[in-house]
Amino acid sequence: MAKIPYSKDNLFGRGPQREFTGEKLKEIAFPLGGIGTGTISLGGRGNLRDWEMFNRPAKGKNPPYTFIAIWAKKAGAEPVAKILESQLQPSFAIGAGMPPQMMCGLPRLKNAKFRGEYPLAWIDFDDPDLPVDVSLSAFNPFIPQNGKDSGLPVAILRYTVKNKTNEPVDASIAFSIANVIGYDGAGPMRTEADYLGQNVNEFVEDKGFRGLKLISKKTPDAEPRQGSMALVTTCPDVDVLPAWERTGWWDGMRLFWTDFSSDGRLTDNGVHNPSPDGKSDVGSLCARVSLKPGESKDITFLLTWYFPHRGADGHTVGVLHNWYYTQFASAWDVAKYTINNLDRLEKETCLFHDNLFSSTLPAVVLDAASANMSIMRTTTCFRTDDGRFFGYEGCGDDRGCCPMNCTHVWNYEQAVAFLFPEFERSMRLTDYETNVFDDGKMAFRTNLPLGRELWKFHAAADGQMGCILKLYREWQLSGDDEFLKKLYPKAKKTLEYAWKEWDKDRDGVMEAIQHNTYDIEFLGPNTMMGSLYLAALKAMAIIASELGDMEAATQYREVYDKGRVNHDKALWNGEFFVQKYDTDKVSKYKSGEEGENQSWHHSAIQPGKTPKYQFGEGCLSDQMLGQWFAHVAQLGYVLLEPHVKKAMESVFKYNWLSDLSNHYNCQRTYALNDEAGLILCSWPNGGQPALPFVYSDEVWTGIEYQVAAHLIYEGMVKEGLAVVKGVRDRHDGLRRNPWNEFECGHHYARAMSSWSLILALSGYHYSAPENRIGFQPRVNAEDFRVFFSTGSGWGQYSQKLKVEGLGLREGNSALDTEIDIAYGKLSIRTITLSWPEGKSPANPKVKAAIDGKSLNAQITADGGALTVTLPKTDITPSAPLRILVTG
């Protein structure tokens, strides 16, 4: 096995998440915004960066003169005013000087310490000149299974100011913002541009809050550039400056700073009319507090936005409408809803956070899974006004990257499915209601708006089979039989398309040309496609039986049984599974004698020549992709268990490098130097093609997490955690942003495979149709706690092994378990549990109760596995189910 350079505590350690300070603040950008709304990011220094609420990515784009400043004065002392960020970091080498709109020459705080536990972030500021301590907590409501409240276009910033002196202190925080409404998404944001003019910053007092309403009278309604913003505070004592002076050069900034820094107040300059054509204004909102010695007070700002109309971006046609367009009329409307519900929104967001982060899972796993949840909040994803959820593969600096709901990339994602199953089901509706051709071929990308001509390219074998597994997963999580019945006919066509195109002899092996997630075509049998195919056959056999289509169920099982044997016979080399292809068949496929496809990507397949872009005898990291998904969906082994375990052992042995310094890579580079990473393929026994598949030497975080979770499923927990640790160490705030794992674009959807780490370590599975739930902890099993989510609720499972108390006799033990629903409800009949290794009792007995009321419970044991059967039982918040097993 590959040498693991990490200590046990590095891998298995629990406790608080990482803190970032000094140079490791540089790359931090923590996304704040709702699902489908775009985001603004909180920088590590406390700055606001990457303003991406205009329906497209905007990396590095920020409104000019937009910042937060603090003023504080101790009684009898001179006041101190600074920008409420830690100091700027190099590089400062700009030929024309650092731009004034970044306020680089104004004083900032000495230090900051950043901690993020998505969806919450905290910054502790430190400055010896200030008579106050200042900290920031920031969030956007994130409540699994509550799509509306998790889809609010708002960033909430709460500053806590504490008097650290023995004298009274007056303090003010001023938030300044440029009105850039009308911004066209191209180039930098400015206060002078053709798209600006007639911009209005209006101070409005409302019930319980007040602030600036930002609009534009220039841009017509329903145009993508039209919208509104609002900057509000709940602080009752405020000053407002709707518009800075318009006299030219940098007068407005100087006059603002002179005014604010003198007394912590803002003086109205009388500029209240709309901005001149081609120009806009900066406005400022100042909140004031007075503090007794040792006293602290909160100042809360909300920044909301409303840009409901999505323009064409090269991947979509015409104008689409965001889902929040159906819920709100303006940014001010969003602010009002958020303020009126803020206590509940914050409470439920913190409830989710606490249930997740109080887990006994290793800290590095919670870091990876939570950080990549943020992807669904970024411009990678959006919702249209019909409620459908869509996602690019990732996003470039200024546009979405690779359209849309790409089936083979989204095969890996698990976070949306388990946290917002409604969104994931909408993706299945698009897959099967919209994207299936008459012959069963599935378009693996979605053209928007729906109803346009379907994406015309080859079928993606991995994506098409993966969609069947996703349909099965959605049914298991939801128990929605009508949903399943509705989509089954099209799902059946897509599976049987394999018999027209990839597996014509129905021997359970894809022999033909298979387009896939590496943007090339694999030829002949390989277990990356094959394991997905086998898992899809197994899932569809179950579905067909459930729906009474017994003839189809029998066919699927027969093909599956043959394929399981044939893959092993043809592809197992004693250590791992390889790829085999018949070069004599290549020219037939190329010329169209077999199959529908006559023109192949990159012209890799040439008659009479050895095909390019294959892996042959290589050890492919993705070789067990379908087996990983089968574990997630609790379908069991689709290939021989000993060979699966050995293959995964080989993937780690040959493909994970603890130091990439000597790894050569002529492709794109995502990890380098002394960093650790899992390469996509290696050739430990030789036989590397002169031109292997085009990404073979790269390192992709989404595949690293998939492999890590699969290693854990196969019992190689330390190895799986080493892979995760390597990924997260690369995202250390200096080299990369911990909340942006990129591949072909920022915030790449594949990285949401990290959620499967939680599933694997907890051994969690759930079947709504069977009212069955189960856990098999693989770490800390004697004292274990984990977050879980079903299609109807979420909460926490815990278990403790006890050897004393509870009236236990000497030599006996008890497994004390609890299923606690924090949100929604859970209906169950069967619970499967697992004794910590080597601790199983000979003759277990069980007691079960909800809210102290006993339930009739039966138990069966099979080794360390326990099955508890109850009458159908509903678990709701504040009424946990407790099961006590003794022996």
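Assuming Asp259 fulfils every condition listed in (1) charged (D, E, K, R); (2) touching a helix residue (DSSP H, G or I) at 6+ places or on another chain (Cβ under 9 Å); (3) buried (at least 17 other Cβ atoms within 10 Å of the Cβ) apart from one, which condition is it?
So the condition that Asp259 fails would be (2).
Does the stretch 332-352 include one or more residues that are open to solvent by less than 20 Å² (accessible area, probe 1.4 Å) and outside any helix (DSSP H, G or I)?
No, the stretch 332-352 contains no residue that is open to solvent by less than 20 Å² (accessible area, probe 1.4 Å) and outside any helix (DSSP H, G or I).
In the stretch 115-136, which residues are more than 26 Å from the chain's Cα centre (by Cα) and either crowded, with 20+ Cβ neighbours inside 10 Å or over 18 Å from Gln89 (Cβ atoms) (or both)? Break it down stepwise before answering.
Here is the first cut: in the stretch 115-136, the ones more than 26 Å from the chain's Cα centre (by Cα) are 125-135.
Answer for the stretch 115-136, where residues must be more than 26 Å from the chain's Cα centre (by Cα) and either crowded, with 20+ Cβ neighbours inside 10 Å or over 18 Å from Gln89 (Cβ atoms) (or both): Phe125, Asp127, Pro128, Asp129, Leu130, Pro131, Val132, Asp133, Val134, Ser135.
Does at least one position in the stretch 620-638 carry a residue that is open to solvent by 40 Å² or more (accessible area, probe 1.4 Å) and of a type in the set (A, V, I, L, M, F, W, C)?
No: zero hits.
Across the stretch 421-447, what is the number of residues that are of a type in the set (A, V, I, L, M, F, W, C), touching a Ser or Thr at 6+ places or on another chain (Cβ under 7 Å) and crowded, with 23+ Cβ neighbours inside 10 Å? Break it down stepwise before answering.
Taking the stretch 421-447 and keeping what is of a type in the set (A, V, I, L, M, F, W, C), we get 423, 427, 429, 436-437, 442-444.
Adding the requirement that they be touching a Ser or Thr at 6+ places or on another chain (Cβ under 7 Å) leaves 436, 442, 444.
Cutting the leftovers down to crowded, with 23+ Cβ neighbours inside 10 Å gives us 442, 444.
Counting residues in the stretch 421-447 that are of a type in the set (A, V, I, L, M, F, W, C), touching a Ser or Thr at 6+ places or on another chain (Cβ under 7 Å) and crowded, with 23+ Cβ neighbours inside 10 Å gives 2.
Among the residues of the stretch 700-719, is any among the aliphatic types (A, V, I, L, M), outside any loop (DSSP other than H, G, I, E, B) and open to solvent by 10 Å² or more (accessible area, probe 1.4 Å)?
Yes, some residue in the stretch 700-719 is among the aliphatic types (A, V, I, L, M), outside any loop (DSSP other than H, G, I, E, B) and open to solvent by 10 Å² or more (accessible area, probe 1.4 Å).
Only one residue in Gly463, Gly440, Gly396 is out of contact with any Cys (no Cβ under 6 Å at 6 or more places or on another chain) and at positive phi. Which one?
On the way: Gly463 fails: at positive phi; Gly396 fails: at positive phi.
Just one listed residue meets the conditions, Gly440.
Is one or more of the residues making up the stretch 360-380 part of a loop (DSSP other than H, G, I, E, B), out of contact with any Pro (no Cβ under 7 Å at 6 or more places or on another chain), open to solvent by 10 Å² or more (accessible area, probe 1.4 Å) and in contact (Cβ under 8 Å) with a residue 24 or more places away in the chain?
no
Tally time: how many residues in the stretch 265-283 are assigned to a strand (DSSP E or B) and either closer than 15 Å to Gly211 by Cα or not charged (D, E, K, R) (or both)?
Of the residues in the stretch 265-283, 2 are assigned to a strand (DSSP E or B) and either closer than 15 Å to Gly211 by Cα or not charged (D, E, K, R) (or both).
Of everything in the stretch 452-488, what is part of a loop (DSSP other than H, G, I, E, B) and in contact (Cβ under 8 Å) with a residue 12 or more places away in the chain? Give them in sequence order.
First, pick out the residues of the stretch 452-488 that are part of a loop (DSSP other than H, G, I, E, B): 452-459, 479-480.
Passing the criteria: Arg452, Leu454, Trp455, Lys456, Phe457, His458, Ala459, Gly479, Asp480.
Looking at the stretch 98-121, I want the residues that are of a type in the set (Lys, Arg) and have a partner that is in a loop (DSSP other than H, G, I, E, B) with Cβ atoms under 7 Å, at least 6 apart or on another chain. Which pairs are those?
Arg108/Gln87; Arg108/Leu88; Lys110/Gln87; Lys110/Asp127; Lys110/Pro128; Arg115/Gln17
Where residues in the stretch 400-420 are out of contact with any Ser or Thr (no Cβ under 8 Å at 6 or more places or on another chain) and in a helix (DSSP H, G or I), which of them is nearest to Ala633 (Cα to Cα)?
Looking at residues that are out of contact with any Ser or Thr (no Cβ under 8 Å at 6 or more places or on another chain) and in a helix (DSSP H, G or I), I get Ala417.
Of everything in the stretch 234-250 that's open to solvent by 50 Å² or more (accessible area, probe 1.4 Å) and under 22 Å from Tyr159 (Cα atoms), which residue is farthest from the chain's Cα centre (by Cα)?
Initially, the stretch 234-250 is screened for residues open to solvent by 50 Å² or more (accessible area, probe 1.4 Å), giving 234, 236-237, 245-247, 249-250.
Narrowing the set further to residues that are under 22 Å from Tyr159 (Cα atoms) leaves 234, 236-237.
Details: Thr234: 31, Pro236: 37, Asp237: 38 Å.
Across the stretch 234-250, the extreme among qualifying residues is Asp237.
Step by step: first the residues of the stretch 559-582, then only those that are open to solvent by 60 Å² or more (accessible area, probe 1.4 Å) and of a type in the set (D, E, K, R), then the one that is nearest to Glu641 (Cα to Cα). Which residue is that? Break it down stepwise before answering.
Initially, the stretch 559-582 is screened for residues open to solvent by 60 Å² or more (accessible area, probe 1.4 Å), giving 561-562, 564-565, 569, 573, 580-582.
Subsequent filtering for residues that are of a type in the set (D, E, K, R) retains 561-562, 564, 569, 580, 582.
On the way: Asp561: 15, Lys562: 16, Arg564: 11, Lys569: 14, Lys580: 21, Asp582: 28 Å.
The residue in question is Arg564.
If a residue must be within 27 Å of Cys406 (Cβ to Cβ) and either open to solvent by 10 Å² or more (accessible area, probe 1.4 Å) or of a type in the set (Lys, Arg) (or both), how many such residues does the stretch 524-558 contain?
The number of residues fulfilling the criteria is 3.
Considering only residues that are within 21 Å of Asp333 (Cα to Cα) and basic (Lys, Arg), look in the stretch 167-214 and name the one that is surrounded by the most Cβ atoms within 10 Å (Cβ to Cβ).
Result: Lys213.
Starting from residues that are among the polar types (S, T, N, Q) and open to solvent by less than 30 Å² (accessible area, probe 1.4 Å), keep the ones in the stretch 669-699 and report whichever is farthest from Phe577 (Cα to Cα).
Selected residue: Ser696.
Restricting attention to the stretch 296-328, and to residues there that are assigned to a strand (DSSP E or B) and more than 30 Å from Tyr159 (Cα to Cα), which single residue is modelled with the lowest pLDDT?
Checked the stretch 296-328; the qualifying residue modelled with the lowest pLDDT is Thr316.
Which ones in the stretch 264-288 are in contact with a strand residue (DSSP E or B) (Cβ under 9 Å, 6 or more places away or on another chain), open to solvent by 70 Å² or more (accessible area, probe 1.4 Å) and among the charged types (D, E, K, R)? Before you say what the answer is, go through the steps one by one.
The initial filter retains those residues of the stretch 264-288 that are in contact with a strand residue (DSSP E or B) (Cβ under 9 Å, 6 or more places away or on another chain), namely 264-269, 271-275, 278-288.
Still in the running and open to solvent by 70 Å² or more (accessible area, probe 1.4 Å): 265, 267-268, 272-273, 279.
Arg265, Asp268, Lys279 - these are the residues of the stretch 264-288 that are in contact with a strand residue (DSSP E or B) (Cβ under 9 Å, 6 or more places away or on another chain), open to solvent by 70 Å² or more (accessible area, probe 1.4 Å) and among the charged types (D, E, K, R).
Note down all Cβ pairs under 7 Å where the first residue falls in the stretch 707-732 and is touching a residue at least 40 places away in the same chain (Cβ under 8 Å), the second is among the acidic types (Asp, Glu), and they're at least six residues apart or on different chains.
Leu711/Glu719; Met716/Glu649; Val723/Glu704; Val727/Glu704; Arg728/Asp367; Arg730/Glu675; His731/Glu741
If I filter the stretch 524-538 for residues that are under 23 Å from His643 (Cβ atoms) and assigned to a strand (DSSP E or B), do I get at least one hit? Don't jump to the end; show me each part of the working.
In the first step, residues of the stretch 524-538 are kept if they are under 23 Å from His643 (Cβ atoms); the result is 524-538.
Filter again for assigned to a strand (DSSP E or B), leaving none.
No: the stretch 524-538 contains no residue that is under 23 Å from His643 (Cβ atoms) and assigned to a strand (DSSP E or B).
What are the residues in the stretch 301-319 that are in contact with a strand residue (DSSP E or B) (Cβ under 6 Å, 6 or more places away or on another chain), surrounded by fewer than 22 Cβ atoms within 10 Å (Cβ to Cβ) and aliphatic (A, V, I, L, M), if any?
Selection gives Val319 alone.
Can you tell me how many residues within the stretch 148-165 are more than 17 Å from Val80 (Cα to Cα) and part of a loop (DSSP other than H, G, I, E, B)?
Counting residues in the stretch 148-165 that are more than 17 Å from Val80 (Cα to Cα) and part of a loop (DSSP other than H, G, I, E, B) gives 6.
Considering only residues that are open to solvent by 10 Å² or more (accessible area, probe 1.4 Å), assigned to a strand (DSSP E or B) and of a type in the set (Ser, Thr, Tyr), which ones fall in the stretch 748-776?
Within the stretch 748-776, just Tyr766 meets the criteria.
Name the strands (runs of 3 or more DSSP E) wholly within the stretch 779-887 that hold at least 2 residues that are crowded, with 20+ Cβ neighbours inside 10 Å?
In the stretch 779-887, 783-789, 793-802, 814-824, 826-834, 845-850, 865-875, 881-886 are the strands (runs of 3 or more DSSP E) which contain 2 or more residues that are crowded, with 20+ Cβ neighbours inside 10 Å.
Show the residue pairs that are 6+ apart or on different chains and have beta-carbon atoms under 8 Å apart, the first residue being within the stretch 289-300 and surrounded by 17 or more Cβ atoms within 10 Å (Cβ to Cβ), the second being outside any strand (DSSP E or B).
Final answer for the pair search is Val289/Cys235; Val289/Asp237; Leu291/Pro168; Ile299/Cys235; Thr300/Thr234; Thr300/Cys235.
Give the residue, chosen from Ala81, Ala96, Ala112, that is of a type in the set (A, V, I, L, M, F, W, C) and surrounded by fewer than 21 Cβ atoms within 10 Å (Cβ to Cβ).
Ala96
Looking only at the stretch 9-27, decide whether some residue is of a type in the set (Lys, Arg), under 20 Å from the mean Cα position of the chain (by Cα) and outside any loop (DSSP other than H, G, I, E, B).
No, that holds for no residue.
The values are calculated or read from the model by the stated rules, or taken from the named source; none is laboratory data. Not measured: the values here are computed from a predicted model. Neighbour counts run over all protein chains shown; Cβ positions are idealised from the backbone, glycine included. For the accessible areas, the whole protein counts, side chains as well, though only heavy atoms, and no ligand, DNA or RNA atoms are used. Shrake-Rupley method; radii C 1.70, N 1.55, O 1.52, S 1.80 Å.
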